[in-house]
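Novice: Starting off with a structure, shown below.
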Amino acid sequence: MSLSIGIVGLPNVGKSTLFNALTKKGVPAENYPFCTIDPSVGIVPVPDERLTKLTEISKSKKTIPAVVEFVDIAGLVKGASLGAGLGNKFLSHIREVDAIVEVVRIFEDKDMIHVHEKIDPLFDIEVINFELEQAGIKKPTLYVLNTSAVADNIKKDFVSKLPSPYIEVDPIFGTGLDNLIKAGYDLLNLITFFTTGEDESRAWTTVRGATAPTAGKSIHTDFRDKFIRAEVVAYEKLIEAGSFAKAREKGWVRTEGKEYIVQDGDVIEFLI
């Protein structure tokens, strides 16, 4: 399954800077509103050291990580749901994503314009959430507090009033970016399972609580529709054994049926 996260917020809070840092894709990030007129899309690999180790023990020719699609959506303003700014055009893009990352600037910088001419995170959040609510948009939201190591950050006594989970990042220096991707997984209740062999080692995404056939659909619909059984070993046990064959010798590879609930880190061979 694919995962798409929309980056939203007021103009000039650091959305495009965050997007650039995540994707290394050079979209405009100039210091004025509406510099991003069309949504920019970047595919970002999910960092996972387990995949590297699986590649090593299987001597895989290819390593393919799970990915997240980030969509940089131009700044919303008060009245966007009624067409203000570039209004409904951007709200329509937000409807297409699985979750929302709402960027909130919490640092002062006299050289960086703020659309409301003040740094007030809760007010900014209120404006954005009102516009989303008015447009009938309710997807899961993660607040990203944009900090700066080279500017003054405001006191964080407001965080207890945030209506959803939050993390802190500094897009300029790239700190907190891996945490953002992982937090997106947690927000949508997703887990990672793996397939591995000489051809490739690959990470796959499925929803927590998925049965083996449902998880198999992430690979191909045949793995759901024609599922017979799955051979499963926990990642830690496979690494300890050193190979799938040795894990099988030790009895650590289990044969599971259609009702098996896939766990994060499972290494699976599907049989159809």
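The values are calculated or read from the model by the stated rules, or taken from the named source; none is laboratory data. This one's a predicted model, so the numbers in the text were calculated from it and none came from an experiment. Glycine also receives a Cβ, built like all others from the backbone with ideal geometry; neighbour counts cover every protein chain displayed. To get the accessible areas, we keep the full protein, side chains included, count just its heavy atoms, and leave off ligands, DNA and RNA. Shrake-Rupley method; radii C 1.70, N 1.55, O 1.52, S 1.80 Å.
Novice: Would you mind estimating how fast region 198-272 diffuses translationally, via Stokes-Einstein at 10 °C and 1.306 mPa s with the Kirkwood radius over Cα pairs, in µm²/s? Kindly include the intermediate steps, with their values, before the conclusion.
Specialist: On the way: Rh = 12.6 Å.
Here the translational diffusion coefficient equals 126 µm²/s.
Novice: Now for a separate question. Would you mind calculating the gained length between ASN179 and ASP225 on full extension (0.36 nm times residue separation, minus the Cα-Cα distance), in nm to one decimal?
Specialist: In short, 13.1 nm is gained.
Novice: If you don't mind, there's one more thing I want to ask. Taking K and R as +1 and D and E as -1, what net charge do the other residues with C-beta under 15 Å from the C-beta of LEU162 add up to?
Specialist: Here the charged neighbours net out to -2.
Novice: What is the percent of Cα-Cα separations in the chain that go past 27 Å? Mind dumping the intermediate values first?
Specialist: Numbers: 16780 of 36856 pairs.
Value for the chain (Cα pairs over 27 Å): 46 percent.
Novice: Whole number in Å², please: accessible area per residue of the chain, 1.4 Å probe, ligands, DNA and RNA not counted.
Specialist: I get 49 Å² per residue for the chain.
Novice: Something else about it: Do any trypsin sites (Lys or Arg not before Pro) in region 217-267 lie in a DSSP loop with no more than 15 other beta carbon atoms within 10 Å, and if so, which?
Specialist: LYS226, LYS250, LYS258
Novice: Region 124-272: Rg/Rh from Cα coordinates, Kirkwood Rh?
Specialist: Numbers: Rg = 20.8 Å, Rh = 18.5 Å.
Rounded to two decimals, Rg/Rh equals 1.13.
Novice: How long are the semi-axes of the equivalent ellipsoid of region 138-186, taking √(5λ) for every eigenvalue λ of the Cα gyration tensor, in whole Å from largest down?
Specialist: 19, 16, 7
Novice: If I take R0 = 45 Å and measure r between the Cβ atoms of VAL150 and SER243 in this structure, what FRET efficiency does the formula 1/(1 + (r/R0)^6) give, to the nearest 0.05? Walk me through the numbers on the way to the answer.
Specialist: Values: r = 49 Å, r/R0 = 1.09.
Once the sixth-power term is evaluated, E becomes 0.40.
Novice: Between GLU198 and SER4, what length in nm is gained on full extension when 0.36 nm per residue of separation is reduced by their alpha carbon distance?
Specialist: Values: separation 194, 0.36 × 194 = 69.84 nm, distance 2.99 nm.
Net length gain for the segment: 66.9 nm.
Novice: What ranking do 148-159, 128-139 get when scored by the average of other Cβ atoms within 10 Å per residue, highest first?
Specialist: 128-139, 148-159
Novice: Here is a further query. With both bridge residues required to lie in the chain, what share of the DSSP beta bridges run antiparallel, to the nearest 5%?
Specialist: Here the share of antiparallel DSSP bridges comes out near 55 percent.
Novice: Going down the table (LYS15/LYS110; LYS217/LYS246; LYS110/LYS139; LYS138/LYS161), which pairs top 26 Å between alpha carbons?
Specialist: From the list (LYS15/LYS110; LYS217/LYS246; LYS110/LYS139; LYS138/LYS161), the Cα-Cα distance tops 26 Å for LYS217/LYS246; LYS110/LYS139.
Novice: Moving to a separate point now. Between the helical axis of 177-187 and the dominant principal axis of the chain, each derived from Cα atoms, what acute angle in degrees is found, rounded to the nearest 10?
Specialist: 70 degrees
Novice: What dipole magnitude, in Debye to the nearest 20, does region 200-272 give about its Cα centre under +1 on Lys/Arg Cβ and -1 on Asp/Glu Cβ?
Specialist: I would put it at about 100 debye.
Novice: Let me ask another. Could you pull out the GluC sites (Glu not before Pro) across region 209-272 that fall in loop regions by DSSP (anything but H, G, I, E, B) with no more than 11 other Cβ atoms inside 10 Å?
Specialist: GLU259
Novice: Something else: Angle between the Cα long axis of helix 121-134 and the longest principal axis of the chain, 0 to 90 degrees, nearest 10?
Specialist: Approximately 70 degrees, to the nearest ten.
Novice: Round to a whole number: what % of the accessible area of region 146-223 belongs to carbon and sulfur, probe 1.4 Å?
Specialist: The computed percentage sits at 48.
Novice: Farthest toward the dipole's positive end in the chain, which of SER40, THR147, LEU190, given Cβ charges of +1 (Lys, Arg) and -1 (Asp, Glu) about the Cα centre?
Specialist: About the Cα centre, the residue reaching furthest to the positive side is LEU190.
Novice: Contour minus end-to-end for ASN189 and ASP264, with contour as 0.36 nm per residue of separation and end-to-end as the Cα-Cα distance? List each step's numbers first, then the result.
Specialist: Numbers: separation 75, 0.36 × 75 = 27.00 nm, distance 1.10 nm.
Going from the current span to full extension adds 25.9 nm.
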